[in-house]
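Encoded as structure tokens, the structure appears first; notes follow it.
The values are calculated or read from the model by the stated rules, or taken from the named source; none is laboratory data. Quick caveat: nothing in here was measured; it's all calculated off a predicted structure. Here the Cβ positions follow ideal geometry from the backbone for every residue, glycine too, while neighbour counts run over all protein chains shown. The accessibility values were calculated without ligands, DNA or RNA, using every heavy atom of the protein model including side chains. Shrake-Rupley method; radii C 1.70, N 1.55, O 1.52, S 1.80 Å.
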Amino acid sequence: MVAPVSTLNKKLWREAWHLRGQLFSIALVVAAGLMAILTMRGSYDTLVNAQAQYYRDTRFADVWSYLVRAPLSLVDSLERIPGVNAVDTRVTFSGTLNFDEEGVPARGLFISLPEDGRPLLNDIVIKEGRYVSSGHYDEVIVSENFATARNLRPNDSIPVILNGRSRDLQIVGVAVAPEQSYVVPPGSLFPEDDKYGIFWMGREAMAAVYNMDGAFNEVFLSLQSKANLLAVLKQVDDLLSPYGGLGAYGRDDQVSHAIMEGELNQNKVMGTAIPTIFLLVAVFLLHLVLGRLISTQRNEIAVLKAFGYTNGEIARHFLSFALVAVSFGTLLGVLGGVYFGGLYINLYGQYFDFPNLQYRLPVSLLFVAVGACFAGALSGAWLAIKRAVDLPPAEAMRPEAPKHYSAGILEKLGISRFMSSSVRMITRNIERKPVQSFLSSLGVAMSVAILTIGLFMYSGVHYLMDLQFQVIQREDLSISFTEIVNDSVRYDLARLEGVSYVETFHSAPARLRFAHKDEELVIQGLAPDSHLRRIIDADARVVPVPIGGFAISRLLAERLEVRVGDTLEVEMLEGERRHGELAVNAIVDDFMGISAYTDDATLNQLTREQSAVSGAYLLVDDGYMNTVSAKLKEMPVIASVVSPAAMLASFEKQMDESLYVSIAFLLGFAGIIAVGVIYNGARISLSERGRELASLRVMGFRRSEVTTLLLGEQAVITVFAIPLGCVIGYWLTYLLLTSLQTDLYRVPFVVEQSTYVISAAVVIGAGLVSGLIVKRRLDRFSIVDVLKTRE
């Protein structure tokens, strides 16, 4: 008669409690894998869905173009372009915020809104307050991030300088807009929420200030689903060229969208690659650890068979034993993934102004991740169970016979004679189970690899920032003008009290073409002896400003498929839109943006402008920054003032709030995996070798010597895992960084010894903690109980 299955359930919970430490460590490994994928990949899915919904709700445009000035009557011609669905226009200008404060003056981008009705395209979302009213020229709506940074609310007033005139504006609302989801000041690389904001005013008020009645200087279009984007861009350019058009561009080149897409693409790569590694490691460890754990129960399986339990009942029992750990780990992983996913989304919410951005757990992702964990656990457990239940009870009750007792490699080489007896025992045990030892070492190595990935990223970003702000950007202030001015402006700037040195530059939008490939970008024209802004390659080597040719980014060279010596066709996208040709003199391995440099005289020839200047770089004497900033604020010709020091501070703030958090995730998850592997390996070894260790104690071995035998094997496995993990982490990071290249920036692959030292230290620390826990168990080891076990 078959015993009731409920008896097996009692045994299940009794055994689970007895092995709670091992099961809990397995559950933590499962939880780490699930948390990683639900946090990182789930955040990406949340951001993508929020972006798509945001674009739909606000009717985000497909094409943009800035120009000098065009009559509203031109809208009819734009609407007749084949493929165009809708056209909207507005007035956009830069202004100074006249706060009574020291330092670099705050700036704002002022954008017109229709007083009657809402924008046809690129609508805004009011987060607080209301929309502007018709006939009220002093009303303004401010962007949410700027309002938060400045602690501004509706009914507050804000002093501004528009077109050289001071006035106070009344804040009536706080809003966000899809094209301003990531707000970066002109000439800057990162958001500066307290120094740069977006302001929306009534169309009539903006037109009155800038003399734009019946005119516009920005146009945007939405396209039909089957529209030919390139054909639309060309026709828009042709129509706007007589009105000072600066070149139409598609959504992919819209600044905020491009930056956001780059961040989302990086998030996709990181949110897929790293969690996949975590999940694969978790599945691998489940397979390995549960397989070994259940193998130690072959005697119990034989006894159950002898008492009449069927193979199916025994298999279900031990599979349930495995599922206890995985189910608990799944619960922890889901709860942790949702919690950390919310924190992760909040980090992005500080920089991406998506309305109602909340983490949403993707159900399909949850099923895939949980399914993978259960599959790994069941496969590992099933193989061990199958080997045991296939044996006759009498055979299964005997201890598993050793595979072989032949001399190992170290003994054959004669090295073992120089080893102590304890070390020989450790090496023999490892040599007799090479596959098991290698797989255990590989599990620890993956935790090392995960750590090195995060630390490589940290080192690469720091190197990038040091190169950008210490070697390339050497100025104290970078200013740009509202329009092209004469080079004589350098003398006016040099006469400002506190300015010790001035360099000017000329930048112009252009389309570079080689064969059938082309790219649009801004050509940078530098002085041949430029000192404050230099062209630097990845090795911090100075590249001379090319005279009569180009120095271009390697990423640009790869896209255009050009080499040094090739000639590029240049089409200027402003003014008379002249064409020319320049040879590629140098290809630069840079990390920020996609650049094309030439000397300022050559760029002036291309634009047919003499001594043209777009901006300047300034060196400021110590103690005079506030004085110079105050003077610059009074100059209406200045569109923006950027401080590299402020950019660096903004970057470091992002590092503190995002990258450090990501590193902390990796450190925590990798530590959990290391503890899970080492601890379970030691505990299972204790179960497998319990009689052997007890016999050694009877033979006179001290407790410390027995502990050394048990933990020494795990120590050897860990020592071999560290270099293996460093190599795996090196190549995984290289592949990861290669896939993270964007137009905005590329993280350099920087190898620092500290990366390997920290990774090794964390894993060794995890090993020591695991060893102490197992040693505590071993100290309570009952020799008599173990030796009473029948063979």
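Quick look at the numbers
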{"read-out": "Test: residue in region 654-677 that is part of a helix (DSSP H, G or I), more than 30 Å from V444 (Cα to Cα) and at pLDDT below 70", "value": "yes"}
{"read-out": "Members of region 39-53 found to be over 17 Å from A664 (Cβ atoms) and hydrophobic (A, V, I, L, M, F, W, C), listed by number", "value": "L47, V48, A50, A52"}
{"read-out": "The listed residue being within 30 Å of A645 (Cβ to Cβ), in a strand (DSSP E or B) and not aliphatic (A, V, I, L, M), out of F199, F190", "value": "F199"}
{"read-out": "Helices (runs of 4 or more DSSP H) within region 421-520 that include 3 or more residues of a type in the set (F, W, Y)", "value": "434-466"}
{"read-out": "Where I37 falls short, out of the listed (1) touching a Pro at 6+ places or on another chain (Cβ under 6 Å); (2) farther than 21 Å from Q180 by Cα; (3) surrounded by fewer than 18 Cβ atoms within 10 Å (Cβ to Cβ)", "value": "(3)"}
{"read-out": "Residue match in region 321-331 (condition: at pLDDT below 75, open to solvent by less than 40 Å² (accessible area, probe 1.4 Å), part of a helix (DSSP H, G or I) and out of contact with any Lys or Arg (no Cβ under 7 Å at 6 or more places or on another chain))", "value": "yes"}
{"read-out": "Extreme residue, farthest from F340 (Cα to Cα), among residues of region 251-279 that are of a type in the set (S, T, N, Q) and assigned to a helix (DSSP H, G or I)", "value": "S256"}
{"read-out": "In region 595-608, the residues that are charged (D, E, K, R) and either in contact (Cβ under 8 Å) with a residue 60 or more places away in the chain or not in a loop (DSSP other than H, G, I, E, B) (or both)", "value": "D599, D600"}
{"read-out": "Residue within region 684-696 that is modelled with pLDDT under 70 and part of a loop (DSSP other than H, G, I, E, B) present", "value": "yes"}
{"read-out": "Test: residue in region 244-254 that is over 22 Å from N85 (Cα atoms), within 12 Å of the chain's Cα centre (by Cα) and in contact (Cβ under 8 Å) with a residue 12 or more places away in the chain", "value": "no"}
{"read-out": "Subset of region 720-741 (residues that are surrounded by fewer than 19 Cβ atoms within 10 Å (Cβ to Cβ) and among the hydroxyl-bearing types (S, T, Y))", "value": "Y730, Y734, T738, S739"}
{"read-out": "Filtered residues of region 745-766 (kept if β-branched (V, I, T) and open to solvent by less than 50 Å² (accessible area, probe 1.4 Å))", "value": "V747, V750, T755, V762, V763"}
{"read-out": "Given (1) open to solvent by 70 Å² or more (accessible area, probe 1.4 Å); (2) under 21 Å from S143 (Cβ atoms), index of the condition T58 fails", "value": "(1)"}
{"read-out": "Residue count, region 220-235 (criterion: more than 33 Å from the chain's Cα centre (by Cα) and open to solvent by less than 10 Å² (accessible area, probe 1.4 Å))", "value": "1"}
{"read-out": "Residues satisfying the stated conditions in region 490-511, i.e. under 41 Å from the mean Cα position of the chain (by Cα) and either under 19 Å from E609 (Cβ atoms) or modelled with pLDDT under 85 (or both)", "value": "R490, E503, T504, F505, H506, S507, A508, P509, A510, R511"}
{"read-out": "Considering residues of region 594-620 that are within 21 Å of L467 (Cβ to Cβ) and open to solvent by 20 Å² or more (accessible area, probe 1.4 Å) only, the residue farthest from the chain's Cα centre (by Cα)", "value": "L619"}
{"read-out": "Flag if I717 is among the β-branched types (V, I, T), open to solvent by 10 Å² or more (accessible area, probe 1.4 Å), closer than 30 Å to A36 by Cβ and at pLDDT 65 or above", "value": "yes"}
{"read-out": "Among residues of region 621-636, those that are open to solvent by 20 Å² or more (accessible area, probe 1.4 Å) and more than 15 Å from Y491 (Cα to Cα), counted", "value": "11"}
{"read-out": "Filtered residues of region 475-500 (kept if crowded, with 17+ Cβ neighbours inside 10 Å and aromatic (F, W, Y))", "value": "F481"}
{"read-out": "Pick from region 153-180, criterion outside any strand (DSSP E or B) and open to solvent by 20 Å² or more (accessible area, probe 1.4 Å), ranking: nearest to Y55 (Cα to Cα)", "value": "Q180"}
{"read-out": "Residues of region 81-104 satisfying the condition of being in contact with a strand residue (DSSP E or B) (Cβ under 6 Å, 6 or more places away or on another chain) and in a loop (DSSP other than H, G, I, E, B)", "value": "G83, V91, N98, V104"}
{"read-out": "Whichever residue in region 8-61 is over 30 Å from I277 (Cα atoms) and charged (D, E, K, R) and, among such residues, is modelled with the highest pLDDT", "value": "R59"}
{"read-out": "Tally, over region 115-132, of residues that are among the charged types (D, E, K, R), open to solvent by less than 50 Å² (accessible area, probe 1.4 Å) and more than 18 Å from P355 (Cα to Cα)", "value": "1"}
{"read-out": "Pairs, first over 18 Å from L736 (Cα atoms) and at pLDDT 80 or above in region 435-460, second of a type in the set (F, W, Y) and open to solvent by 20 Å² or more (accessible area, probe 1.4 Å), C-beta under 7 Å, six or more apart", "value": "S441/F720"}
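Listed here are the residues, each with its yes/no results for (1) polar (S, T, N, Q); (2) within 30 Å of Y210 (Cα to Cα); (3) more than 37 Å from the chain's Cα centre (by Cα).
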| position | (1), (2), (3) |
| --- | --- |
| S441 | yes, no, no |
| V444 | no, no, no |
| L451 | no, no, no |
| F456 | no, no, no |
| M465 | no, no, no |
| I472 | no, no, no |
| N486 | yes, yes, yes |
